[in-house]
Amino acid sequence: MAAPASSVVVLDRGNNTTCTINLHGATVVSWRVNNQEQLFVSKLAVFDGQKSIRGGIPIVFPHFGPWAYGPQHGFARTCRWEVEKHPEPLENGDIEAMFSLVDSPVTKQIWNYCFKLVLRIILREKELQVSFNLYNSSSEPFQFNMLFHTYLKVPDVRKCSISGLQGCMFVDKTKENAIYQEPREMVTVNHWTDRIYQTTQQEHIISNVVSGRKMKMVKYNMPDTVVWNPWDVTSNTMSDFGEDEYPNMVCVEAGIVITPITLNPNNTYEGTMVLQVM
Ligand code: TA6
């Protein structure tokens, strides 16, 4: 079911290069470069304004993973965001838009802090920049996780490799959160994979994405990287994910996961992910 028209904002750079954001979670649900979709969205994704959207770039905030206080991965991806700045061309033809989420009775019931979170999207010729600016408007400090839960669209995940993880420690959620060190220069995904890599390199190259090209991911102030593919082992536990879809996606997720950031009152914290089609 498509989202109501008022829930969707489209950035159009021309040459069939567009980016679509659903105000439910300010979820980037499409990024097309010369009419080629770069992001995976499940054919069973739900757009009811309640459930998080299965695909694109959901925002994980203020908590990553299971949470005693509220929904897994926090509430940002299931809140309705506001348009802070409608799509506008920058001098060089890139298109910029901003979206915001501030505390509400709903969020304060889960996480009793005041904040303003602004998401900035810049659509370039072959790049998508996703940045966040978080302001603590509370009277006391708070701790937060932040992660861009990026679903990349791939022809066959078994042919993909991911650089920038070698030597990093990682939590393996498929092995009861045991901790290992990554020996490989190029990480491949050939089975159920759910790893939180700590303090990864600033740049990842993911091979064999759409059209057999490479995707570069550069991250700033987001030290960790999650790599996830549910495989058939867990894809059948998700009602909004087709059992036959796991070969066509890989999640490479830039985030602040292992060590939450403590943000003092009246302070801000910014982070950025840039995706570039190579
Ligand atoms: O980012 C990987 C992960 O934490 C996996 O453990 C899996 O739970 C995935 O997120 C999707 O979570 P969701 O709450 O969207 O079903």
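The values are calculated or read from the model by the stated rules, or taken from the named source; none is laboratory data. All values derive from a computational prediction rather than experimental measurement. Cβ: placed from backbone, ideal geometry, glycine included. Neighbour counts: every protein chain shown. Surface areas here come from the heavy atoms of the whole protein model, side chains and all, with no ligands, DNA or RNA. Shrake-Rupley method; radii C 1.70, N 1.55, O 1.52, S 1.80 Å.
A quick yes/no check of all residues on (1) open to solvent by 20 Å² or more (accessible area, probe 1.4 Å); (2) within 10 Å of the ligand (Cβ to nearest atom):
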position	(1), (2)
222	no, no
233	yes, no
236	yes, no
240	no, yes
246	yes, no
250	no, no
259	yes, no
263	no, no
268	yes, no
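Checking residue 180 against (1) among the aromatic types (Phe, Trp, Tyr); (2) farther than 26 Å from residue 243 by Cβ; (3) touching a residue at least 24 places away in the same chain (Cβ under 8 Å), only one condition comes out false. Which one?
So residue 180 meets the others, but not (3).
Condition check ((1) more than 16 Å from the ligand (Cβ to nearest atom); (2) surrounded by 14 or more Cβ atoms within 10 Å (Cβ to Cβ)) across all residues:
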{"site": "33", "(1), (2)": "yes, yes"}
{"site": "57", "(1), (2)": "no, yes"}
{"site": "64", "(1), (2)": "no, yes"}
{"site": "69", "(1), (2)": "no, no"}
{"site": "93", "(1), (2)": "yes, no"}
{"site": "105", "(1), (2)": "yes, no"}
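Restricting to segment 71-91, give me the number of residues that are hydrophobic (A, V, I, L, M, F, W, C), within 16 Å of the ligand (Cβ to nearest atom), touching a Phe, Trp or Tyr at 6+ places or on another chain (Cβ under 9 Å) and closer than 19 Å to residue 131 by Cβ. Step through it out loud before you land on a result.
Filtering segment 71-91 down to residues hydrophobic (A, V, I, L, M, F, W, C) leaves 75-76, 79, 81, 83, 90.
Filter once more, so that each one left must be within 16 Å of the ligand (Cβ to nearest atom): 75-76, 79.
The next check asks that each one be touching a Phe, Trp or Tyr at 6+ places or on another chain (Cβ under 9 Å); those that pass are 75-76.
Those left that are additionally closer than 19 Å to residue 131 by Cβ: 76.
Summing the residues that are hydrophobic (A, V, I, L, M, F, W, C), within 16 Å of the ligand (Cβ to nearest atom), touching a Phe, Trp or Tyr at 6+ places or on another chain (Cβ under 9 Å) and closer than 19 Å to residue 131 by Cβ in segment 71-91 gives 1.
Take the residues in segment 204-218 that are in contact with a strand residue (DSSP E or B) (Cβ under 9 Å, 6 or more places away or on another chain) and part of a helix (DSSP H, G or I); name whichever of them is most open to solvent (accessible area, probe 1.4 Å). Break it down stepwise before answering.
Kept after step one, since they are in contact with a strand residue (DSSP E or B) (Cβ under 9 Å, 6 or more places away or on another chain), are these residues of segment 204-218: 204-207, 209-211, 213-218.
Applying the additional criterion that residues be part of a helix (DSSP H, G or I) yields 210-211.
Numbers: 210: 11, 211: 78 Å².
Filtering segment 204-218 for residues that are in contact with a strand residue (DSSP E or B) (Cβ under 9 Å, 6 or more places away or on another chain) and part of a helix (DSSP H, G or I), the one most open to solvent (accessible area, probe 1.4 Å) comes out as 211.
Filter segment 120-171 down to the residues that are aliphatic (A, V, I, L, M) and either open to solvent by 10 Å² or more (accessible area, probe 1.4 Å) or closer than 27 Å to residue 267 by Cα (or both) and list them by number. It would help to see each step written out before you state the result.
Step one: of segment 120-171, the residues aliphatic (A, V, I, L, M) are 121-123, 128, 130, 134, 146-147, 152, 154, 157, 162, 165, 169, 171.
Of everything in segment 120-171, those that are aliphatic (A, V, I, L, M) and either open to solvent by 10 Å² or more (accessible area, probe 1.4 Å) or closer than 27 Å to residue 267 by Cα (or both) turn out to be 121, 122, 128, 130, 134, 146, 147, 169, 171.
Which strands (runs of 3 or more DSSP E) sit wholly inside segment 72-172 and have at least 3 residues that are under 25 Å from residue 20 (Cα atoms)? First the steps, then the outcome.
Working: elements: 82-89, 95-102, 115-123, 127-136, 142-148, 151-153, 169-172.
Result: 82-89, 95-102, 115-123, 127-136, 142-148, 151-153.
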